[in-house]
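All of the numbers you see were taken from the coordinates with simple rules; none came from a lab. Here the structure is a predicted model, which means the values were calculated and not measured. Glycine also receives a Cβ, built like all others from the backbone with ideal geometry; neighbour counts cover every protein chain displayed.
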Amino acid sequence: MSWQDLQTGLSERGYVASDDLAMALFLAVTLEKPLLLEGPAGVGKTQIAKTLAEMRGTKLIRLQCYEGLDASHAIYEWNYQRQLLSIRAAAEDRRSAEHIEEHIFSEKFLLQRPLLEAIRQDRPAVLLIDEIDRADEEFEAYLLEILSDFQITIPEIGTVAAKARPHVILTANGARDLSDALRRRCLYSFIDYPDRRTELAILKARQPGLESRLAEQIVGFVQALRKEELEKKPGVAEMLDWAAALSGLGVNDLADDPAQTQATLVCVLKTARDRAAVPTEVQQRLAGKAA
């Protein structure tokens, strides 16, 4: 399979990838290297992992990162309640301490979290490490062994090597700078807001039944909206939500019912300040440009 074949396969499933992104993903899959995707929120970084898993018919395993994320929630932990119950039962049976220790630190009591689950799959899974920049810098150190050698060390059991290397995709929205050590282990691609032609292709791929005129208006409006002074510029995901809302309401033209169009902007404007920045007169101006 070539990178063009991969690009076509993504497109057939509603994901329109640029040549640069398709090549980066193709090399990541071929070289079995993690792929780090950066860019604004809502431009399709998470979606490409979902589409890749669908395309390859494999499991998608997602680790959602957040501040304070640690190894026990990302890699593995022991089922302490079951261990305590087992210890009590073993003590009543007068089992030796060595037997108890060997028993409770076995697979039966191991709770695998996303990272351990991903490397224990028989077929290469797609491992999505979402919003890695929201996790603490210390957590990145936990990833280095996995991203370098695709193995995890569990002190009580030993080193668990990957049965099949997962396809790893990491996403970041720029919340903080990532370490050089993490970046060195990854291929890289930046996903920006698409141009009008690409965004229109995305909309038509995801909602093929949408009227062409309305699709042109929606994309033109959102493209113009991103040029306004907003706290949170709408991404592709918000554009698609808005298109679905307008279609569901039976809207054929943004200018037909300004009040209704204004009300539907809840799909693309996600803060009170941004809602206030786009009153009806601004909405009509943008709709006029999009026509």
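Helix 280-290 axis versus longest C-alpha principal axis of the chain: approximately 90°, rounded to the nearest ten.
Compute the long axis of helix 236-248 from its Cα atoms, compare it with the longest principal axis of the Cα atoms of the chain, and write down the angle in degrees, 0 to 90, nearest 10. Approximately 60 degrees, to the nearest 10. The loop-placed GluC sites (Glu not before Pro) in the stretch 214-289, going by DSSP, that have at most 11 neighbouring Cβ atoms within 10 Å of their Cβ come out as Glu229, Glu231. Positive end of the dipole of the chain, charges at C-beta (+1 Lys, Arg; -1 Asp, Glu), about the Cα centre: which of Leu84, Leu144, Pro124 has its Cα farthest in that direction? After comparing all options, I get Pro124. Of all DSSP-defined beta bridges confined to the chain, some 30% are antiparallel rather than parallel. Here Lys50 is the anchor, and the aspartates and glutamates within straight C-alpha reach of less than 14 Å, apart from those fewer than 8 places off in the same chain, are Glu12, Asp130. Other residues whose C-beta falls under 10 angstrom from the C-beta of Gly14 contribute a net charge of +1, scoring Lys and Arg +1 and Asp and Glu -1. Expressed as a fraction of 2.2 N^0.38 Å, the C-alpha radius of gyration for the chain is 1.26. Percent of Cα pairs in the stretch 220-264 per distance bin of 5 Å, from zero to the largest separation: 5, 20, 29, 28, 15, 4.
Are any of the pairs Lys163/Lys270; Lys33/Lys270; Lys204/Lys270 more than 31 Å apart by Cα-Cα distance, and if so, which? From the list (Lys163/Lys270; Lys33/Lys270; Lys204/Lys270), the Cα-Cα distance tops 31 Å for Lys163/Lys270; Lys33/Lys270. Taken along its three principal axes, the alpha carbon spread of the stretch 196-290 comes to 33, 25, 21 Å, from the longest extent down to the shortest.
Spin-label model, Arg88 to Asp5: label points 7 Å out along the Cα-to-beta-carbon direction sit 5.8 nm apart.
Placing +1 on the Cβ of every Lys and Arg and -1 on the Cβ of every Asp and Glu, with nothing else charged, gives the chain a dipole about its Cα centre of roughly 600 debye.
By the beta-carbon count within 10 Å of each Cβ, the least crowded to most crowded order of Thr271, Thr51, fewest first, is Thr271, Thr51. With each label modelled as a point 7 angstrom along the Cα→C-beta vector, the Arg123-Ala263 pair spans 4.7 nm.
In this simple spin-label model, placing a label point 7 Å from the Cα along the Cα-to-Cβ direction at both Lys163 and Asn252 gives a separation of 5.6 nm. Shown for Trp3, Trp78: other C-beta atoms within 10 Å of each C-beta, ranked fewest to most, produce the order Trp78, Trp3. Helix 212-225 axis versus longest C-alpha principal axis of the chain: approximately 80°, rounded to the nearest ten. Extension gain, Glu211 to Lys59, is 51.2 nm, computed as 0.36 nm per intervening residue step minus the present C-alpha separation. Once the C-beta distance of Leu110 and Tyr188 is scaled by a Förster radius of 45 Å, the resulting FRET efficiency is 0.85 to the nearest 0.05.
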